[in-house]
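Heads up, the thing below is written out as structure tokens.
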Amino acid sequence: MEKNTIIAVVLSFFIIVASVFVQVKFVAPRQMQKAAEQQAIAQIEKEKKEAQLKEEMELVSAAGETSESAENTEGEAAEPVVAIRDYEIKTNKFVVVLTNRGGDVKSLKLIEHKDKDSGDGVEMVKNITSSNRAFSLAFGGNSEEALNEPFKVTQKDNNTIIFSRDYEVKDSAGKTHKIKLGKRYTFAPDDYVFKLDVSILADDENTELDLNGAAYSLRTAPQIGPSFDKKNRYEVRQYVALNGTKKFDKAITDKTFNKEYKWAGIAGKYFTMIVKPNNPESMLPVCKTINEGDGAVKLENAQLYLTRGAIKSKSVNDTYYVYVGPRSESELIKYNDQSKNAWGISKAEFNQALQTSGFFFWIEVILKWALEKIYLLVKNWGVAIIVLTFLLKIVLFPLNKKSAMGSLKMQELQPKMQELQSKYANDRQKLGMEMQKLYKEAGYNPMSGCLPMIIQMFILFALYNVFNNYFEFRGASFISGWIDDLSTGDSIWTWNKNIFLISSFTMNNLRILPFVYTGSQLLNGKITQFGNAGGTTQAQMKFMIYGMPIMFFFLFYNVPSGLLLYWTVSNILQIGQQLIINSVMKKKRSEIAASKPVNANALKFKNGKKKTR
């Protein structure tokens with residue numbers, strides 16, 4: 001046997017042995033582990049499906065046990081089988097009162113968040129009437145009356161309650177169907193989301209529940225809390241929804257939205273109620289918002305109707321996950337990760353319900369992160385605002401200085417620019433070329449003065465939204481007795497008597513922060529004017545220095561104190577920075593004046609007077 005052949009055989013042997021070793025030592029165990037993990041996942045999914053099926057059968061069974069006596073009239077229910085009564089369920093997040101009339105919610109209070117007026121938990125189900133409650137159902141579309149009959153009740157445990165009843169319903173073709181309707185509410189001890197299951201079981205195998213394309217509609221509360229302060233221009237009631245990756249954020253009006261949605265809800269400034277169908281494809285792309293009343297009452301009474309498409313089978317169980325709680329990113333974002341909520345919900349994107357400044361959202365994220373890190377150290381949100389303002393001023397100081405130096409450079413170039421403008425008045429193209437040449441020779445970029453202003457404007461927009469809507473500011477005290485709540489205006493004195501014009505403007509509160517802000521703004525304007533001579537007309541300058549601060553005083557008198565605190569501290573720090581910049585600019589002007597050539601046509605006499613030839 002040849003030497004090369006022997007080497008090849010030996011090498012092949014070692015390769016085979018090594019391959020077997022790698023397979024046995026590394027590959028096989030990983031494959032076995034992966035197979036075990038897949039099997040475990042499959043088992044979990046199987047158990048979940050079995051549990052869900054068991055729940056559906058339980059709900060259908062409860063519905064099937066209702067009274068069989070029914071009147072043969074459209075949309076009417078069987079004779080009442082139980083007396084009207086309420087049921088209370090309490091978790092670590094909610095105190096919920098449900099009624100067997102319609103199987104609806106009459107009250108839902110948030111335990112951890114207090115209403116400023118009542119001192120009790122924030123009531124998220126307000127303005128209920130004898131025929132309008134939260135999570136009512138109506139057969140058909142969103143114009144139908146809600147079911148108002150008493151249901152049979154089965155309370156499975158402290159966190160689960162089932163309502164059920166028989167109905168006879170006429171479809172669009174006039175055919176009568178006997179169905180058994182069930183509603184099950186399931187609460188989790190430590191979650192702002194509860195689960196609502198709606199089950200429909202028909203007697204006839206061929207039943208189709210189709211009332212002009214709809215099976216039933218589901219509505220939210222007639223009004224979410226807390227109370228809408230009609231004097232507070234910064235309070236809101238909005239329709240919020242997510243369609244794929246695009247969110248909708250609209251002021252409440254009597255309007256129908258016809259867009260597919262992943263979830264939809266009603267939101268106030270600090271709290272929201274969101275309904276997420278487990279199968280959005282079964283819902284009609286129709287959401288109707290209703291607000292009844294006049295003025296601020298109309299804004300407050302905001303209700304949402306969602307419509308389920310026609311049902312083409314004998315039985316169906318629809319699941320809705322309902323979030324009722326703070327409009328806070330720390331809570332809403334939990335439903336993007338199944339390990340952080342009780343329901344295993346993932347990628348729900350409830351955090352899209354937050355009020356943001358749109359394009360500047362990424363700046364808000366950075367600012368919130370910085371604010372929260374500072375708060376961990378100082379343990380006071382007002383102090384955290386001051387520290388953040390100070391840090392922002394330090395970061396932006398070089399840009400402000402560069403902008404000021406740019407304006408000085410522009411003043412220096414002004415005579416040459418005017419000369420070029422006069423010389424090429426009739427040739428705009430040539431003028432542009434010569435101006436660019438001038439800028440290049442002087443080492444000046446006209447955009448360098450705009451960049452700092454643009455960056456600060458972006459930050460200003462983002463900060464306005466953060467300080468105006470940041471949930472953590474709600475009820476957060478800065479200085480007790482003066483700024484007790486950073487989400488509202490400061491106050492040192494309040495009165496009850498209505499004073500013509502004054503009460504409507506001041507909301508019956510004497511505030512100090514708006515006066516301090518206005519004074520700092522006026523002083524800042526005067527100092528900035530001193531450092532930037534020329535380039536602005538006297539009328540414009542006076543309006544900037546006096547007019548705008550006075551106008552802002554009236555506009556911002558009742559803004560959240562957290563926002564006004566930022567602006568005031570920012571002004572005070574800006575005054576110090578501007579004094580430094582003014583000193584640098586004064587020195588630079590002296591250097592420029594000293595470097596200018598002496599006019600050869602100017603003669604000086606002994607008395608210091610000039611005479612030109």
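Only the coordinates and a few stated rules stand behind these numbers; no lab work does. This is a predicted model, so every value here is computed, not measured. Using ideal geometry, Cβ is built from the backbone for each residue, glycine included, and neighbour counts are taken over all protein chains shown.
Put +1 on the Cβ of every Lys and Arg and -1 on every Asp and Glu Cβ in the stretch 148-194; which of 192, 182, 160 then has its Cα farthest towards the positive end of the dipole?
Looking along the dipole axis, the top candidate is 182.
Given N residues in the stretch 392-524, what is Rg(Cα) / (2.2 N^0.38 Å)?
Working: Rg = 24.1 Å, N = 133, 2.2 N^0.38 = 14.1 Å.
The stretch 392-524 yields a ratio of 1.71.
Given contacts defined as C-alpha pairs under 8 Å and at least six residues apart, what's the relative contact order of the stretch 183-272, whole-number percent? It would help to have the intermediate numbers written out before the result.
Numbers: 87 pairs, mean separation 19.0, N = 90.
Worked out over the stretch 183-272, it gives 21 percent.
Calculate the dipole size of the stretch 120-177 relative to its Cα centre from +1 charges on Lys and Arg beta carbons and -1 charges on Asp and Glu beta carbons; express the result in debye to the nearest 20.
Numbers: 7 positive and 9 negative charges, 23 e Å.
It works out to roughly 100 debye.
Quick check: convex hull of the Cα atoms in the stretch 120-274, volume per residue, rounded to a whole Å³?
Details: hull volume 25.6 nm³, N = 155.
With only Cα atoms used, the stretch 120-274 gives 165 Å³ per residue.
Name the residue farthest towards the positive end of the dipole of the stretch 366-427 from the options 385, 374, 406, assuming +1 on Cβ of Lys and Arg, -1 on Cβ of Asp and Glu, about the Cα centre.
About the Cα centre, the residue reaching furthest to the positive side is 374.
How high is the relative contact order of the stretch 406-508? Use alpha-carbon pairs under 8 Å, at least six apart in sequence, and give a whole percent. Intermediate values should be presented prior to the final figure.
Details: 56 pairs, mean separation 13.4, N = 103.
Computed value for the stretch 406-508: 13 percent relative contact order.
If packing is taken as the average count of other Cβ atoms within 10 Å, what order do 563-575, 214-226 fall into, highest mean first? It would help to have the intermediate numbers written out before the result.
Numbers: 563-575: 21.5, 214-226: 24.9.
For the peptides 563-575, 214-226, the packing ranking is 214-226, 563-575.
Mind running the shape call on the stretch 311-450? Use the C-alpha gyration tensor, a ≥ b ≥ c as the square roots of the eigenvalues: rounded below 1.5 for a/c, prolate if a/b tops b/c, oblate otherwise.
Values: a/c = 5.67, a/b = 2.18, b/c = 2.60.
Oblate, since a/c reaches 1.5 and b/c is not below a/b.
Once a ≥ b ≥ c are taken as the square roots of the eigenvalues of the Cα gyration tensor of the stretch 105-174, is the result rounded (a/c under 1.5), prolate (a/b larger than b/c) or oblate (a/b not larger than b/c)?
It comes out oblate by the Cα gyration axes.
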